[in-house]
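Each remark here refers to the structure printed beneath this line.
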Amino acid sequence: MGDWVIGALINIVGSVAINFGTNLLKLGHDQREKLSAINNSEGNDKFVPKSVMHFQTWRIGILFFAAGNCLNFMSFAYAAQSLLAALGSIQFVSNIAFAYFVLNKTISVKVMVATTFIVFGNIFLVSFGNHQSPVYTPEQLIAKYSNLVFVLYCMSLVFVVAFNHYLYRSGETIISNSSKDAGTYWRTMLPFSYAVVSGAIGSCSVLFAKSLSNMLRLTMSSRYEFHSWFTYSIVLLFLCTAGFWMARLNEGLSLFDAILIVPMFQIAWTFFSICTGFVYFQEYQVFDTLRIIMFVLGMTFVFLGISLLAPDDSKAADTKDGLSATEESVIDMDRNGKMHMEETQADGSNSFVTSVKVKAKRVLLKAKSACSMSLGLGEESISASSVLAMPMVSSRTTGFRGIGNERSKYVPLRTTDWSNL
């Protein structure tokens, strides 16, 4: 049995564990809400809801979630990044099985068709993907950054990020200055450009994670010293890109309608994860014409299945209106930060130190909020999401939120639930 098979099996088990843990985290939040609803119906005004960490279901879920992430990290040392990034979609299948057997939910025909596409897509990806799993030395990994193809890819990635960021900012300006509805075009282009920027930068965390996993495997099999400037540089880059992805993931869920942003996030993350590993590790060298066609066909099947699993408009009516206490506090903190900054500017203070402190405080507040929601610690039911697997997210947030521009011009203000199906 080849190393790539071991890596693929470890990744599948890890993805299933992440999904199982995510669903247990959601069950913990549901149990907390149910307990609060019972006490409120009984007129117990003095009842103070316990933190979600007091529920055993949530604690077990966080253990599965952590174990799944560790397994996914290990898998990158044994198999190609392009293969494992796409293989993470197998969690959608386990998610449906969990919903059917544990949550007793009805599985629709649309969901079954989407699952079939994902399963067949993964069969194509595994059959025709890269089956090599070489172990690289730090010198080889460093040399790959100077490869001409990778340099050209990075330049094109910078252009894609800059163009989509410019498109997003231009769209915000156009819509804020328009008295009429922007229509379907900007309603789709804004979340699309947001997801592309998020996926292009955030998916680089997978590349750095694979490099770390590769060096860890090398350390265990030889006398290579794990402590080096290159190792610490990769760790820093991984933390930066992973943090960026988590922050953008949770912010995007609160900015955009789930029916648009969820599949865009998933497709953008998977596409750029595959492309980055495909180019950096020069996996294209082992592909012939047939394997390229079959691999692209498998990716198409997976993306089509993901698109079919997007939340339905009809589920909006079943969702709780309004924002959670956590989201409201985050918004209040953000608003207070902006008000404080505006007051500082109004006072005519030109202190550079004060400006830096205000901006740093806002960044820390957003980072804290993103980390809390990413780990399932927030009051809102935004499921935990791994940076090493395709994002599985749920949101009860409403349309756009923000200060300044009227967010309702971008998408309809309605709540849309991503029901993990």
(request) Please give the number of the condition LEU236 fails out of (1) farther than 26 Å from LEU141 by Cβ; (2) open to solvent by 40 Å² or more (accessible area, probe 1.4 Å). (result) (1)
(request) List the number of the failed condition for ASN95; all other conditions in (1) modelled with pLDDT of 85 or more; (2) in contact with a helix residue (DSSP H, G or I) (Cβ under 9 Å, 6 or more places away or on another chain) hold. (result) (1)
(message) Given the criteria assigned to a helix (DSSP H, G or I), under 30 Å from THR300 (Cβ atoms) and either in contact with a Lys or Arg (Cβ under 8 Å, 6 or more places away or on another chain) or of a type outside the set (Val, Ile, Thr) (or both), does LEU71 qualify?
(response) yes
(message) Regarding region 131-144, can at least one residue be identified that is in contact with an Asp or Glu (Cβ under 6 Å, 6 or more places away or on another chain), in a loop (DSSP other than H, G, I, E, B) and open to solvent by less than 20 Å² (accessible area, probe 1.4 Å)?
(response) no
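Does LEU157 satisfy the condition of being in a helix (DSSP H, G or I), open to solvent by less than 40 Å² (accessible area, probe 1.4 Å), closer than 22 Å to SER254 by Cβ and modelled with pLDDT of 85 or more?
Judged against the criteria, LEU157 is not a match.
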(message) Being of a type in the set (D, E, K, R), over 26 Å from TYR284 (Cα atoms), more than 18 Å from the chain's Cα centre (by Cα) and surrounded by 16 or more Cβ atoms within 10 Å (Cβ to Cβ) narrows it down to one residue among ARG169, ARG187; which is it?
(response) ARG187
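Conditions (1) within 30 Å of GLU283 (Cβ to Cβ); (2) in contact (Cβ under 8 Å) with a residue 60 or more places away in the chain; (3) of a type outside the set (A, V, I, L, M, F, W, C); (4) touching a Phe, Trp or Tyr at 6+ places or on another chain (Cβ under 7 Å), marked per residue:
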position: ILE18; (1), (2), (3), (4): yes, yes, no, yes
position: LEU35; (1), (2), (3), (4): no, no, no, no
position: SER41; (1), (2), (3), (4): no, no, yes, no
position: VAL48; (1), (2), (3), (4): no, no, no, no
position: PHE55; (1), (2), (3), (4): no, no, no, no
position: ILE62; (1), (2), (3), (4): no, yes, no, no
position: MET74; (1), (2), (3), (4): yes, yes, no, no
(message) Pairs needed: first member in region 284-303, assigned to a helix (DSSP H, G or I); second member anywhere, open to solvent by 70 Å² or more (accessible area, probe 1.4 Å); C-beta distance under 8 Å; at least 6 residues apart or different chains.
(response) VAL286/GLN132; GLY298/PHE120; GLY298/ILE123; MET299/PHE271; PHE301/PHE120; PHE303/PHE271
(request) Would you check if THR219 is open to solvent by less than 10 Å² (accessible area, probe 1.4 Å), farther than 21 Å from LEU167 by Cα and of a type in the set (Ser, Thr, Tyr)? (result) no
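Results for (1) more than 15 Å from VAL206 (Cβ to Cβ); (2) surrounded by fewer than 19 Cβ atoms within 10 Å (Cβ to Cβ), shown as yes or no for each residue.
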residue: LEU35; (1), (2): yes, yes
residue: GLY61; (1), (2): yes, no
residue: ALA66; (1), (2): yes, yes
residue: ALA77; (1), (2): no, no
(request) Filter region 106-123 for residues that are open to solvent by 50 Å² or more (accessible area, probe 1.4 Å) and not in a loop (DSSP other than H, G, I, E, B) and give the result. (result) VAL109, LYS110, MET112, VAL113, THR116, PHE117, VAL119, PHE120, ILE123
(request) Just one of (1) under 14 Å from the mean Cα position of the chain (by Cα); (2) at pLDDT 85 or above trips up MET246, so point out which. (result) (2)
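The values are calculated or read from the model by the stated rules, or taken from the named source; none is laboratory data. Since the model is a prediction, treat every value here as computed from it, not as a measurement. Here Cβ is always computed from backbone atoms with ideal geometry, including for glycine, and neighbour counts include all displayed protein chains. The area values use the complete protein model at the heavy-atom level, side chains included, leaving out ligands, DNA and RNA. Shrake-Rupley method; radii C 1.70, N 1.55, O 1.52, S 1.80 Å.
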